[in-house]
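For reference, the structure discussed in these notes is given below.
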Amino acid sequence: MSDTYDHKEIEAKWRKKWQEDGIYKTEEDSSKPKYYCLDMFPYPSGDGLHVGHPKGYIATDIVSRYKKMNGFNILHPMGWDAFGLPAENYAIKNKIHPRIAVEQNIERFKKQLELLGFNYDWSREINTTDPSYYKWTQWAFIKMFEKGLAYESNEPINWCPSCKTGLANEDVEDGKCERCGTVVEKKPLRQWVLKIREYADRLLSDVEKLDWPESIKESQRNWIGKSEGAEVIFKIKDSDLEVPIYTTRIDTIYSGTFIILAPEHPLIDSLMDKIENSELVEQYRNDVSKIEDKDRTTLEKEKTGVELKGVIAINPATKEEVPVWIADFVLFQYGTGAVFADAHDQRDFDLAKKYNIPLKVSIVPNNEEREDVEKLNTCFEGEGILINSEEFDSLSSAEARPKIIEKLEKEGLAKKATNYKLRDWVFSRQRYWGEPIPIIHCQKCGPVAVPEADLPVKLPEVDSYEPTGTGESPLANISEWVNTKCPKCGGEGKRETNTMPQWAGSSWYYLRFEDNKNDSALVDKEKEKYWSSVDLYVGGAEHATRHLIYARFWHKFLFDIGAVNYDEPFTKLQHVGLINASDGRKMSKRWGNVINPDDIVETLGADTLRVYEMFMGPFDQGVSWSEDGVVGPRRFLEKVWKLKNKISEENNSDEIEKILHKTIKKVSEDISSMSFNTAISQMMILTNALEKEDFVNKENYKTLILLLAPFAPHITEEINIQMGNTEYLCNQKWPEYDLSKIEEKNLKIGVQINGKLRGVIEIEKGFNEDQVKKIVENTPEVVRWLEKKTISKFIYIPEKVISIVISE
RNA sequence: GCCCGGGUGGUGGAAUUGGUAUACACGCACGACUUAAAAUCGUGUCCCUCUGGGAUGCGGGUUCGAUUCCCGCCCCGGGCACCA
């Protein structure tokens, strides 16, 4: 037996053996319960992995090994999300075709992952850029098209002038391109859009049944942004035209003294012949169109607007004639793009004060505080008591709302309405490196889906894959590819040249792992029934409103067309906290603070890296890498290694047995709850205890090795074989604990006097209050506090604490 | 502004159906081994005016007892936001 722990030799040896014996290959086996444990698959960047990337992968590796040892059939796969802008930009920068770059980067990533000893079943590897994969991404798109969920639109969209492509709402952060930080412009562009809004209600309500972190669920609720209110109709005087207005505060309708349209509102064009100051109006609309969205939506900006002179609307409740304004703070994309304005909204209030538009009060907080509001000295935005509201006077806001809707509904002037912030998903990109959208445009038939038999529509080779910037993808230049026949009428057709966004392939990849070689279906329904849903999904919280919404939408659609058996893809989600550099900053080439896992594997070993990353702190919390800290886990593994030399057939003390069984219990529970840090500290406690013994019982040692195996698979496998066992640890049974060995016969209980701990006594389990009291009375360290005092209360909380209250 | 999560030693952190706060690890100090160093092992390590007192962001409250529950704040991280 070699005495030094040579991690390099041991890890290389077992990596090779595991691979040769194919022990991580997963087969369907309906006799066993399944466990599907999934990582968010990476985009294979050119920089390779840094030490933060594997944190989530280590966790799923531990959980899946643990589940396997507990008799589950596990699915733990890995693949590559390789389409999209970053891959393409990397390729352009390095003057290399994206396909080649992706191949190289995948190779590098895979090597790095293999060094860490993961139990991935590589026979199920997938790659979103593989035509046999994106065939099914295209297939799903066609199904959506057939169901009317994919449509063409010409509305102005977010355009990133640097990435030279349109973007979805989700890709814009604070008015900037999420990818490159460039300020996004509005650009009218023909594009493909998916009707994710049709799923808004289900996406929202089903959030409740997910075992996900509350923060992510909350983000999704906010992003979907459901609000309930009413739609009211303001008719335009002397015309057939009317303005539908969405409001959540119909209780303020009696103070609606004017209405405001978004400057983009198309109704304005129909009103042009009535508008007396059309020049001014046009100028305002023009000015607004030039302001970037980001600036337009800052609260600090002073309110501006222009009245549409000559246009009069009728308030449906008061029947009063009210002026019509346009103002840029009214957003065309939200609600109906029009609001009724009153003294109970700060923005309307400010605008009215500035331009001397008449205001009226219809809500007051209560009778005591009504004076200031009524004098219009202040804008009251809250809910309160109605005044000046005919029969609704003296009702509360909440009481009045349904009643006002009811009344106006009878006149056909209002109805209940619901609104969402969620916008439909802008799905086309004017770039090369994505799935071609499988549509053929025909002059006669319009857009026609490519027949299923002709899928995949392969991404053609091009000379230049750089973006054109014109709003056309580079594919538009390949006429032999673009020009084709219409599948419907056989006439001349042109292929759609836009490609899909990066999020397309990742919206359903988890299904493909269940059946990655199927050429006749996206996934076999029987296999899907067995493996789905994903039991544990681990990844970064930054995907809360992008990937995790898109995937849920995509999945619900597949459920609706009968392609899958369940209506949610991920049962349990756990997010992984980032690992920052030791300076607290994000690891980045720019700061020169990147730590490469390969280096740690070389110097300290993969097992040490694994244990350290799990020991650093709570799994879902961010932490900074510590050069000093990483030696702790290394010392721990060395201690475990050295215990080999003390193996004996003799039994250890009851005290050791107790710690051992406690450890089995704690490690089992902590893996299930993903509290890896405390599982490791408990194993450290056991190891420290064993170290102090003269010998270590062989079975006890074996138990420790089994518990540690999911965390540190290499070193434990080596110890296992050195102990004379031939079966791989991952195929062995997880240890069970014996509660009777954990339970204490004697308990140490604290004694509090007036709330302060004054001593600790030892009692036998099951002692009653009198017995306990007797012991207390014979404990000098406690009794000295009781001299010359009266005991007014003696409380014994069984097996927990004694609390004595005394007075002079 | 609204919503979600968090605040504990020099550092990462542990402990919550209300019951002995500071487990485990790092760092540091001292000691053993060594010609010496590294490694390893051992001891100590919340603070103070230390027979005692104080401390889980701050201020109150409930309780025999509060890191845990309630009320009012402060700070940090995240989501949403001229959203009608």
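The values are calculated or read from the model by the stated rules, or taken from the named source; none is laboratory data. None of the values given here were measured: they were computed from a predicted structure. Please note: Cβ atoms are built from the backbone with ideal geometry, for glycine as well, and neighbour counts cover all protein chains shown.
Mind telling me which of the residues A:267, A:204, A:189, A:261 ends up being more than 13 Å from RNA strand B (Cβ to nearest atom), among the hydrophobic types (A, V, I, L, M, F, W, C) and in contact with a Leu (Cβ under 7 Å, 6 or more places away or on another chain)?
Sole residue among the options that is more than 13 Å from RNA strand B (Cβ to nearest atom), among the hydrophobic types (A, V, I, L, M, F, W, C) and in contact with a Leu (Cβ under 7 Å, 6 or more places away or on another chain): A:267.
Kindly establish whether residue A:769 is acidic (Asp, Glu), within 9 Å of RNA strand B (Cβ to nearest atom) and in contact with a strand residue (DSSP E or B) (Cβ under 7 Å, 6 or more places away or on another chain).
Taking the combined requirement at face value, the residue does not satisfy it.
On the given criteria, is residue A:786 touching a residue at least 24 places away in the same chain (Cβ under 8 Å), in contact with a strand residue (DSSP E or B) (Cβ under 7 Å, 6 or more places away or on another chain) and within 15 Å of RNA strand B (Cβ to nearest atom)?
yes
Considering only the range A:320-337, how many residues are more than 7 Å from RNA strand B (Cβ to nearest atom) and either buried (at least 22 other Cβ atoms within 10 Å of the Cβ) or within 10 Å of residue A:303 (Cβ to Cβ) (or both)?
Looking only at that region, the number is 4.
Take the residues in the range A:213-232 that are of a type in the set (D, E, K, R) and within 19 Å of the chain's Cα centre (by Cα), then tell me which one is farthest from residue A:154 (Cα to Cα).
Among residues in the range A:213-232 that are of a type in the set (D, E, K, R) and within 19 Å of the chain's Cα centre (by Cα), the one farthest from residue A:154 (Cα to Cα) is A:214.
For the subset of the range A:538-566 comprising residues that are of a type in the set (A, V, I, L, M) and either in contact with a strand residue (DSSP E or B) (Cβ under 8 Å, 6 or more places away or on another chain) or within 16 Å of RNA strand B (Cβ to nearest atom) (or both), which member is nearest to residue A:37 (Cα to Cα)?
Among them, the one singled out is A:538.
Quick check on residue A:806: is it within 16 Å of RNA strand B (Cβ to nearest atom) and touching a strand residue (DSSP E or B) at 6+ places or on another chain (Cβ under 8 Å)?
Working: within 16 Å of RNA strand B (Cβ to nearest atom): yes; touching a strand residue (DSSP E or B) at 6+ places or on another chain (Cβ under 8 Å): yes.
Yes: the conditions hold for residue A:806.
So in the range A:210-240, with the set limited to residues that are hydrophobic (A, V, I, L, M, F, W, C) and farther than 18 Å from residue A:411 by Cα, which one is farthest from RNA strand B (Cβ to nearest atom)?
For the range A:210-240, the residue satisfying everything is A:210.
Filter the range A:344-384 down to residues that are hydrophobic (A, V, I, L, M, F, W, C) and within 12 Å of RNA strand B (Cβ to nearest atom), then give me how many there are. If you could, list the steps in order and put the result at the bottom.
Taking the range A:344-384 first, the residues hydrophobic (A, V, I, L, M, F, W, C) are A:349, A:351-352, A:357, A:359, A:361, A:363-364, A:373, A:376, A:379-380.
If we keep only those that are within 12 Å of RNA strand B (Cβ to nearest atom) too, we end up with A:349, A:351.
The number of residues fulfilling the criteria is 2.
Can you pull out the helices (runs of 4 or more DSSP H) entirely within the range A:93-212 that have at least 1 residues that are more than 26 Å from the chain's Cα centre (by Cα) and surrounded by fewer than 16 Cβ atoms within 10 Å (Cβ to Cβ)?
Qualifying helices (runs of 4 or more DSSP H): A:98-114, A:131-146.
How many residues does the range A:142-174 contain that are more than 16 Å from RNA strand B (Cβ to nearest atom) and on the phi > 0 side of the Ramachandran plot?
Qualifying residue count for the region: 2.
Could you identify the single residue in A:608, A:571, A:603 that is touching a residue at least 60 places away in the same chain (Cβ under 8 Å) and within 16 Å of RNA strand B (Cβ to nearest atom)?
Result: A:608 is the single residue among A:608, A:571, A:603 that is touching a residue at least 60 places away in the same chain (Cβ under 8 Å) and within 16 Å of RNA strand B (Cβ to nearest atom).
Out of the range A:478-503, which residues are in a loop (DSSP other than H, G, I, E, B), aliphatic (A, V, I, L, M) and at pLDDT 95 or above?
Correct list: A:500 only.
Inspect the range A:278-288 for any residue being within 14 Å of RNA strand B (Cβ to nearest atom) and either in contact (Cβ under 8 Å) with a residue 24 or more places away in the chain or part of a loop (DSSP other than H, G, I, E, B) (or both) and give the result as yes or no. First the steps, then the outcome.
Quick first cut of the range A:278-288, residues within 14 Å of RNA strand B (Cβ to nearest atom) only: A:284, A:287-288.
With the extra rule that they be either in contact (Cβ under 8 Å) with a residue 24 or more places away in the chain or part of a loop (DSSP other than H, G, I, E, B) (or both), the set shrinks to A:284, A:288.
Yes - at least one qualifying residue is present in the range A:278-288.
Please identify the pairs in which a residue from the range A:650-663 that is farther than 11 Å from residue A:740 by Cα has its Cβ atom under 7 Å from the Cβ atom of a residue that is of a type outside the set (Asp, Glu) and surrounded by fewer than 16 Cβ atoms within 10 Å (Cβ to Cβ), counting only partners at least 6 apart or on another chain.
Filtered contacts from the range A:650-663: A:659/A:685.
Yes/no per residue for (1) within 24 Å of residue A:313 (Cβ to Cβ); (2) surrounded by fewer than 17 Cβ atoms within 10 Å (Cβ to Cβ); (3) not acidic (Asp, Glu):
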{"residue": "A:354", "(1), (2), (3)": "yes, yes, yes"}
{"residue": "A:364", "(1), (2), (3)": "no, no, yes"}
{"residue": "A:375", "(1), (2), (3)": "no, yes, yes"}
{"residue": "A:379", "(1), (2), (3)": "yes, no, yes"}
{"residue": "A:384", "(1), (2), (3)": "no, no, yes"}
{"residue": "A:398", "(1), (2), (3)": "no, yes, yes"}
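Out of all the residues in the range A:789-803, which are part of a strand (DSSP E or B) and either surrounded by 13 or more Cβ atoms within 10 Å (Cβ to Cβ) or more than 8 Å from RNA strand B (Cβ to nearest atom) (or both)?
Once the filter is applied, which keeps residues that are part of a strand (DSSP E or B) and either surrounded by 13 or more Cβ atoms within 10 Å (Cβ to Cβ) or more than 8 Å from RNA strand B (Cβ to nearest atom) (or both), the range A:789-803 yields A:790, A:791, A:792, A:794, A:796, A:801, A:802, A:803.
Can you run down the residue pairs with Cβ atoms below 6 Å, 6 or more apart or on separate chains, where the first is in the range A:612-634 and in contact (Cβ under 8 Å) with a residue 60 or more places away in the chain and the partner is among the aliphatic types (A, V, I, L, M) and within 6 Å of RNA strand B (Cβ to nearest atom)?
Within 6 Å, the pairs are A:616/A:623; A:617/A:623.
Among the residues of the range A:535-568, write down those that are in a loop (DSSP other than H, G, I, E, B), farther than 12 Å from residue A:216 by Cα and among the hydroxyl-bearing types (Ser, Thr, Tyr).
Within the range A:535-568, A:566 is the sole residue that qualifies.
Which of the numbered conditions does residue A:475 fail, given that it passes all the others? Conditions: (1) touching a Lys or Arg at 6+ places or on another chain (Cβ under 9 Å); (2) farther than 30 Å from residue A:61 by Cα; (3) part of a loop (DSSP other than H, G, I, E, B).
Status for residue A:475: all satisfied but (3).
Only one of (1) within 18 Å of residue A:417 (Cα to Cα); (2) part of a helix (DSSP H, G or I) is not met by residue A:245, so which one is it?
Answer for residue A:245: the failing condition is (2).
Checking the structure you have, find out if any residue of the range A:609-624 is at negative phi, buried (at least 17 other Cβ atoms within 10 Å of the Cβ) and in a loop (DSSP other than H, G, I, E, B).
There is at least one residue in the range A:609-624 that is at negative phi, buried (at least 17 other Cβ atoms within 10 Å of the Cβ) and in a loop (DSSP other than H, G, I, E, B).
State all residues of the range A:340-370 that are assigned to a strand (DSSP E or B), more than 39 Å from the chain's Cα centre (by Cα) and under 21 Å from residue A:301 (Cα atoms); if no residue qualifies, say none.
Listed by number, the list is empty, since nothing qualifies.
Here's a check for you: in the range A:746-766, which residue that is within 12 Å of RNA strand B (Cβ to nearest atom) and in a loop (DSSP other than H, G, I, E, B) is nearest to residue A:805 (Cα to Cα)?
Filtering the range A:746-766 for residues that are within 12 Å of RNA strand B (Cβ to nearest atom) and in a loop (DSSP other than H, G, I, E, B), the one nearest to residue A:805 (Cα to Cα) comes out as A:754.
Can you confirm whether the range A:337-358 contains a residue that is more than 23 Å from residue A:323 (Cβ to Cβ) and of a type in the set (A, V, I, L, M)?
Among the residues of the range A:337-358, not one is more than 23 Å from residue A:323 (Cβ to Cβ) and of a type in the set (A, V, I, L, M), which makes the answer no.
Quick check: anything in the range A:570-587 touching a helix residue (DSSP H, G or I) at 6+ places or on another chain (Cβ under 8 Å) and farther than 20 Å from residue A:215 by Cβ?
Within the range A:570-587, none of the residues are touching a helix residue (DSSP H, G or I) at 6+ places or on another chain (Cβ under 8 Å) and farther than 20 Å from residue A:215 by Cβ.
Quickly run through the range A:504-527 and pick out the residues that are over 17 Å from residue A:37 (Cα atoms), touching a residue at least 60 places away in the same chain (Cβ under 8 Å) and in a helix (DSSP H, G or I).
Of everything in the range A:504-527, those that are over 17 Å from residue A:37 (Cα atoms), touching a residue at least 60 places away in the same chain (Cβ under 8 Å) and in a helix (DSSP H, G or I) turn out to be A:504, A:505.
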